[in-house]
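To start, the structure under review is shown below, and the notes come after it.
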Amino acid sequence: MKKLLAYILSMVMVMALLAGCSSDKPEEAASTKEGTTKEGTEKKDTAKKEDTEKKEDTGKKNKIILITMDSIDQHWVNVDKGAQKAADELGAEYKWMAPDKKDDAQQIERVNNAVADGADAIVIAANGPDAITAALEEAKNAGIKIVYVDSPANTEACATFSTNNKAAGKTAGGVLLEELKAQNISEGKIGIVNVNPSTDSVVQREMGFREAFEGTSFEILETQYGEGDVAKSQEIAENYITQGVVGIFGTNEGSSVGVGNAIKGAGGSVVGVGFDKSDANISLVKDGSLLAIMAQNPDVMGYEGVKAAVQAINGEEIPEKDVDTGVSVITKDTLP
């Protein structure tokens, strides 16, 4: 009986031991399985996040902002059209920011706004080469690419697309001089209606224009500035006419319209030449109030400017970094 009891107790102990061992294993297996599943899930989540980030990076559009001298002149409207066309073709995000008038403070504000707006590149026609420089340097320090159209500032940019303004101004002077000679006028006073003394493009045009009259008997009067405003420019031109000038040169769109209006009001007794192709200037050429206008290619400036900006953002080489976008002479004879 004692032997039987001992045998039963020993069997109970063995069964308890076996039960204990078997209960440990599932817990360990469950723990291992849980760890593997958690680790695998984390890896999958990380991979998914990385893939999402890559897709977002790939889908991110280059953000380009055009800043012109103002938003009024048709010249700038055409720069915008060219820029928009390039942005559409290249899939870039694009915006045009412009002051409502030619003003350094307003243009600096637009540059600062472009930086705050997260621009990758700024395509700009600088109102003045010095006033805007500090703001553009800050933009460059923030990693923003700078491209000039029409008028540069005094800080290095990735590229510049503009008219050779000095050469174009000399062409304008030559056209006026030839017409005066054709009218048997070999001497007399000539006026210049400019925008301001700091905008590089119009300063260069005036320099070229004056060069065309070197060695002649004509007297170039002191330049007057109308800020590109039609009414102010017209008043200046009217004052020139009362001084007995034989010719007047307008250095930009607004200046030229003002000159043409003044000549028209005086009965067309003075020869006028101007700059920039616009509906108003074309009309003045058609009716003979202006002899000719120097037509730039603002759409080319805008198009090539945005194209270069995208190349700069992507770290690509820009083939030509200082491009003359050309000018042509429009007269009544060349109009359709």
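The values are calculated or read from the model by the stated rules, or taken from the named source; none is laboratory data. Since the model is a prediction, treat every value here as computed from it, not as a measurement. Here the Cβ positions follow ideal geometry from the backbone for every residue, glycine too, while neighbour counts run over all protein chains shown. When the accessible area is computed, the model is the full protein with side chains, heavy atoms only, and any ligands, DNA or RNA have been set aside. Shrake-Rupley method; radii C 1.70, N 1.55, O 1.52, S 1.80 Å.
In the stretch 269-284, is there at least one residue being closer than 22 Å to residue 198 by Cβ and touching a strand residue (DSSP E or B) at 6+ places or on another chain (Cβ under 6 Å)? Outline the logic, then answer.
Within the stretch 269-284, the subset closer than 22 Å to residue 198 by Cβ is 274-276.
Then drop every residue that is not touching a strand residue (DSSP E or B) at 6+ places or on another chain (Cβ under 6 Å), which leaves 274-275.
Checked the stretch 269-284: at least one residue is closer than 22 Å to residue 198 by Cβ and touching a strand residue (DSSP E or B) at 6+ places or on another chain (Cβ under 6 Å).
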Matching entry among 196, 184, 239 (being over 35 Å from the mean Cα position of the chain (by Cα), part of a loop (DSSP other than H, G, I, E, B) and of a type in the set (S, T, N, Q)): 184
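Just to be sure, is residue 71 hydroxyl-bearing (Ser, Thr, Tyr), within 19 Å of residue 202 (Cβ to Cβ), at pLDDT below 95 and open to solvent by 40 Å² or more (accessible area, probe 1.4 Å)?
Numbers: hydroxyl-bearing (Ser, Thr, Tyr): yes; within 19 Å of residue 202 (Cβ to Cβ): yes; at pLDDT below 95: yes; open to solvent by 40 Å² or more (accessible area, probe 1.4 Å): yes.
Taking the combined requirement at face value, the residue satisfies it.
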Residues (open to solvent by 20 Å² or more (accessible area, probe 1.4 Å), in a strand (DSSP E or B), closer than 17 Å to residue 253 by Cα and not small (Gly, Ala, Ser)) located in the stretch 284-329: 327, 329
Just the residues that are without any contact (Cβ under 8 Å) to a residue 60 or more places away in the chain and in a loop (DSSP other than H, G, I, E, B), please, taken from the stretch 262-276. 266, 267, 268, 269, 270
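I'd like to check something: does the stretch 122-136 contain any residue that is on the phi > 0 side of the Ramachandran plot, in contact (Cβ under 8 Å) with a residue 40 or more places away in the chain and outside any loop (DSSP other than H, G, I, E, B)? Show your work before the answer.
To start, the set of residues in the stretch 122-136 that are on the phi > 0 side of the Ramachandran plot comprises none.
Taking every residue of the stretch 122-136 in turn, none turns out to be on the phi > 0 side of the Ramachandran plot, in contact (Cβ under 8 Å) with a residue 40 or more places away in the chain and outside any loop (DSSP other than H, G, I, E, B).
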Within the stretch 259-281, how many residues turn out to be over 19 Å from residue 207 (Cβ atoms) and under 27 Å from the mean Cα position of the chain (by Cα)? 5
Among 259, 245, which is of a type outside the set (Phe, Trp, Tyr) and in a helix (DSSP H, G or I)? 259
Could you give me the residue pairs with C-beta distances under 8 Å whose first residue belongs to the stretch 106-117 and is more than 10 Å from residue 132 (Cα to Cα), whose second residue is among the small types (Gly, Ala, Ser) wherever it lies, and which are 6+ apart or on separate chains? 110/98; 112/135; 114/139; 115/139; 115/142
Considering only residues that are of a type in the set (D, E, K, R) and not in a loop (DSSP other than H, G, I, E, B), look in the stretch 140-181 and name the one that is least open to solvent (accessible area, probe 1.4 Å). 179
